[in-house]
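> This is the structure, below, for whatever I ask next.
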Amino acid sequence: MDDGWWRQEEKQTKKKGETTMKQKRILTGDRTTGRLHLGHYAGSLQNRVRLQDEYDTFILLADVQALTTHFEQPELVEKNICEVAIDNLSAGLDPEKVTLVQQSAVPAIAELTVFYSMLVSVNVLRHNPTIKTEAKQYGYDDLTYGFLGYPVSQTADITFCDADAVPVGEDQLPHMELARKIARRFNALYGDGREIIKVPQELISQSPRIAGLDGAAKMGKSANNALYLSDGRETVFAKIKSAVTDPNRIRRTDRGNPEVCTVSQYHKAFNPEEYDEVCASCRSGAVGCAACKERLAERIDALLTPIRERRSYYEAHQDAVRELIAAGSEKAARIGARKMEQVKAAMHLAL
Ligand code: TRP
Ligand code: SF4
């Protein structure tokens with residue numbers, strides 16, 4: 001098969017009038033440990049939806065990486081492959097444009113992980129700030145080899161398909177730096193002057209980190225502090241009603257301080273047009289927390305309405321979603337197999 005035949009295939013699916021110039025490729029992904037929430041939406045999904053027109057977009061359903069923390073719950077990880085795919089599609093990713101890839105279905109990712117693992121020192125991984133924060137968050141003091149090494153495996157995720165760039169939030173920056181180091185090291189050792197492994201860039205999304213409804217610093221999939229993309233209107237109103245506000249504002253007539261309030265942060269992220277007014281009426285005491293929350297809930301409900309509509313379509317067509325994942329994964333596996341031929345030839349491991 002001649003090189004790049006699948007890019008041909010992609011060109012044919014392009015609509016009339018669209019450019020046939022080779023697009024740059026981006027790859028990003030989600031661990032399949034649970035449904036996605038508004039933190040994911042603000043931090044990355046929204047950005048992906050914008051980028052899909054400009055870039056050849058690969059979305060990785062990271063089931064293997066999910067096992068680094070959820071190895072005792074493989075059924076949960078499996079169940080969430082389709083859920084996370086549906087979350088991405090519901091957020092507005094177009095199945096005609098993006099390639100959905102199940103990580104475990106791409107052997108090249110596992111193979112590259114092994115080769116890359118020779119090029120990374122344990123100390124570098126132990127000092128990775130994101131690994132440290134996450135280990136603390138999960139309460140690990142003795143890390144598994146797989147958890148400590150997930151940034152190495154993530155480098156394989158990114159490089160098996162020659163991704164040019166990776167849209168990520170700030171917490172993933174140490175991993176991107178490592179990915180570049182590994183790629184450069186590989187090329188220097190085995191490339192003989194060629195770039196066998198593409199050195200990836202990051203596309204940082206500037207969006208703010210979304211706090212949890214309980215006031216925790218981060219909305220987390222595992223903690224019960226999240227507004228899910230799949231939450232219904234009543235759930236949205238009930239959850240926002242229970243959100244933590246300025247603890248010093250006890251009576252309706254007290255003046256509030258929006259700077260210490262989770263609800264005001266949500267207004268900023270999801271209702272930016274009214275943010276200044278929300279803060280002013282909080283500070284003056286003109287608007288009570290109940291009304292302030294109702295206003296936010298309406299806004300978030302409006303944001304979620306089209307997402308829910310798409311979700312109900314995809315939920316009714318789960319078989320088609322599964323076929324989409326299977327087709328995307330097969331395509332990725334073929335791309336990975338070709339990459340492994342180059343890698344093994346360069347490493348003097350060819351048969
Ligand atoms: N670690 C990423 C996260 O927790 C998910 C992920 C897995 C990823 N593989 C990736 C992100 C490759 C970017 C590229 O959000
Ligand atoms: Fe928070 Fe709004 Fe109450 Fe102010 S009025 S403390 S911003 S919920």
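The values are calculated or read from the model by the stated rules, or taken from the named source; none is laboratory data. All values reported here derive from a predicted model rather than from experimental measurement. A quick note on method: Cβ atoms are made from the backbone with ideal geometry, for glycine too, and the neighbour counts reach across all protein chains shown. The protein model used for the area step is the full one, side chains on, heavy atoms only, and it has no ligands, DNA or RNA in it. Shrake-Rupley method; radii C 1.70, N 1.55, O 1.52, S 1.80 Å.
> Just read off the accessible area of Val152 with the full protein assembly in place, 1.4 Å probe, to the nearest 10 Å².
Surface open to solvent at Val152 totals about 10 Å².
> So how many Å³ per residue does the convex hull of the Cα atoms of region 250-339 work out to?
It is 153 Å³ per residue.
> I need the phi-derived Karplus couplings for region 26-37: 6.51 cos²θ - 1.76 cosθ + 1.60, θ = phi - 60°, integer Hz, Gly and Pro marked x.
The phi angles translate into 10, 9, 8, x, 9, 6, 8, 9, x, 5, 8, 10 Hz.
> When only alpha-carbon atoms are used, what values of Rg and Dmax, in angstrom, describe region 25-78?
Just the Cα atoms of region 25-78 yield Rg and Dmax of 12.6, 39 Å.
> Please report, in debye to the nearest 20, how large the charge dipole of region 87-173 is about its Cα centre when each Lys and Arg carries +1 at its beta carbon and each Asp and Glu carries -1 there.
It comes to approximately 300 debye.
> Once Lys and Arg get +1 and Asp and Glu get -1 on their Cβ, which of Pro306, Leu148, Ala216 lies farthest toward the positive end of the dipole of the chain?
Of Pro306, Leu148, Ala216, it is Ala216.
> Going by amide H atoms built from the backbone, whose H comes under 5 Å of the H on Gln201, apart from near neighbours?
Ala165, Val166
> Which residues make up the longest stretch of the chain clear of chymotrypsin sites (Phe, Trp or Tyr not before Pro) that lie in a DSSP loop with no more than 14 other Cβ atoms within 10 Å, not counting the sites?
141-351
> GNM, the chain, Cα, under 10 Å: largest mean-square fluctuation among Asp171, Asp87, Asp142?
Asp142
> List, in order, the whole-Hz ³J(HN,Hα) value for each residue of region 127-139 obtained from phi through the Karplus relation with A = 6.51, B = -1.76, C = 1.60 and θ = phi - 60°; use x for Gly and Pro.
Residue by residue, region 127-139 yields 8, 5, x, 6, 4, 4, 4, 5, 4, 5, 4, 7, x Hz.
> With all protein chains present and a 1.4 Å probe, how do Glu72, Glu83, Glu195 order by accessible area, largest first?
Glu72, Glu195, Glu83
> Something else about it: Per Stokes-Einstein, at 20 °C and 1.002 mPa s, what whole-number D in µm² s⁻¹ belongs to region 110-203, with the Kirkwood radius over Cα pairs as the hydrodynamic radius?
157 µm²/s
> GNM, the chain, Cα, under 10 Å: largest mean-square fluctuation among Asp157, Asp276, Asp56?
Among Asp157, Asp276, Asp56, the largest mean-square fluctuation in the Gaussian network model of the chain belongs to Asp276.
> While we're looking at this one, here's another question. Compute the angle between helix 173-190 and the longest alpha-carbon principal axis of the chain, please, reported from 0 to 90 degrees and rounded to the nearest 10.
10 degrees
> Per 10 Å bin, what is the whole-percent P(r) computed from every C-alpha pair distance within region 243-282?
Once binned at 10 Å, the Cα pair distances of region 243-282 give 33, 56, 11.
> Taking the Cα atoms only, what angle lies between the long axis of helix 289-316 and the longest principal axis of the chain, rounded to 10 degrees?
Once rounded, the angle reads 40 degrees.
> Using modelled amide H (1.01 Å from N, peptide plane; none on Pro or chain starts), what sits under 5 Å from the amide H of His37, excluding residues fewer than 5 places away?
Leu229
> On to the next question. On each of the three principal axes of the Cα atoms of region 51-102, give max minus min coordinate, whole Å, ordered largest first.
Taking the Cα atoms of region 51-102, the three principal extents are 39, 17, 12 Å.
> Continuing with this model, one more query. Between Thr130, Thr68, Thr144, which gets the highest mean-square fluctuation from a Gaussian network model of the chain, Cα cutoff 10 Å?
Comparing Thr130, Thr68, Thr144 in a Gaussian network model of the chain, the most mobile one is Thr144.
> Take the Cα atoms of the chain, find their three principal axes, and give me the spread along each one in whole Å, biggest first.
Extents along the principal axes: 77, 51, 36 Å.
> Placing unit charges on C-beta atoms (Lys and Arg positive, Asp and Glu negative, everything else neutral), compute the dipole magnitude of region 46-91 about its Cα centre in debye, rounded to 20. Intermediate values should be presented prior to the final figure.
Details: 3 positive and 9 negative charges, 27 e Å.
Dipole of region 46-91, to the nearest 20 debye: 120 debye.
> Hey, another quick one. Which one, Phe270, Gln103, Ser44, is farthest towards the positive end of the dipole of the chain when Lys and Arg carry +1 and Asp and Glu -1 on their Cβ?
Working it through, the farthest residue towards the positive pole turns out to be Phe270.
> In µm²/s, what is D for region 145-297 at 20 °C and 1.002 mPa s, where D = kT/(6 pi eta Rh) by Stokes-Einstein and Rh is the Kirkwood radius from Cα pairs?
Details: Rh = 18.5 Å.
Result for D is 116 µm²/s.
> So, in nm, how far is label Arg322 from label Lys218 when the simple model puts each one 7 Å beyond its Cα toward the Cβ?
3.3 nm
> For the chain, what does the accessible surface come to per residue with a 1.4 Å probe? Please give it in Å².
Result: 51 Å² of accessible area for each residue.
> Give me the dipole magnitude in Debye, nearest 20, for the chain about the Cα centre, with unit charges on the beta carbon: positive for Lys and Arg, negative for Asp and Glu.
560 debye
> Can you find, among Ile197, His70, Ala291, the residue sitting farthest towards the positive end of the charge dipole of the chain, where Lys and Arg contribute +1 and Asp and Glu -1 at Cβ?
Most positive-ward Cα: Ala291.
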